[in-house]
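Engineer: Mind looking over this structure? Questions follow.
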Amino acid sequence: MAAGVEARRHARMRAIEGALTRLEHGEFGFCVACGDHIGEKRLDLDPTVTRCVSCLS
Ligand SMILES: [Zn+2]
């Protein structure tokens, strides 16, 4: 159980690092799949999202 918590924490950290890298490269806020803007509300809820709503599934 503790290992699961640790794994989730690690995955979260990597997601945040990824968001920061995209921020540095000016790619933050764009969908990695289609290149469209990810909605600001979505980014407010979770700044680590990498796909827009239409590319989620
Ligand atoms: Zn998209």
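Engineer: Out of Ala7, Ala19, Ala3, I need the residue that is surrounded by 14 or more Cβ atoms within 10 Å (Cβ to Cβ), assigned to a helix (DSSP H, G or I) and among the small types (Gly, Ala, Ser). Which one?
Structural biologist: Only one candidate passes the filter, namely Ala19.
Engineer: For Gly26, indicate whether it is loosely packed, with under 12 Cβ neighbours inside 10 Å, free of Cβ contacts under 8 Å to residues at least 12 places away in the same chain and part of a helix (DSSP H, G or I).
Structural biologist: In short, no.
Engineer: Looking at Arg51 and the list (1) touching a strand residue (DSSP E or B) at 6+ places or on another chain (Cβ under 7 Å); (2) in contact (Cβ under 8 Å) with a residue 12 or more places away in the chain, which single condition is not satisfied?
Structural biologist: For Arg51, the failing item is (1).
Engineer: Within the stretch 1-38, track down each residue that is of a type in the set (A, V, I, L, M) and closer than 21 Å to Cys55 by Cβ.
Structural biologist: Passing the criteria: Ala11, Ala15, Ile16, Ala19, Leu23, Val32, Ala33, Ile38.
Engineer: Criterion first (of a type in the set (A, V, I, L, M) and under 9 Å from the mean Cα position of the chain (by Cα)) does Ile16 satisfy it?
Structural biologist: Spelling it out, Ile16 is indeed of a type in the set (A, V, I, L, M) and under 9 Å from the mean Cα position of the chain (by Cα).
Engineer: Here are the criteria: (1) within 16 Å of the ligand (Cβ to nearest atom); (2) modelled with pLDDT of 95 or more; (3) not charged (D, E, K, R). Tell me which single one Val53 does not satisfy.
Structural biologist: Exception for Val53: condition (2).
Engineer: Please tell me if Ala33 is loosely packed, with under 14 Cβ neighbours inside 10 Å and in contact with a Lys or Arg (Cβ under 7 Å, 6 or more places away or on another chain).
Structural biologist: yes
The values are calculated or read from the model by the stated rules, or taken from the named source; none is laboratory data. What you see is a predicted model, and the numbers here were worked out from it, not measured in a lab. Here Cβ is always computed from backbone atoms with ideal geometry, including for glycine, and neighbour counts include all displayed protein chains.
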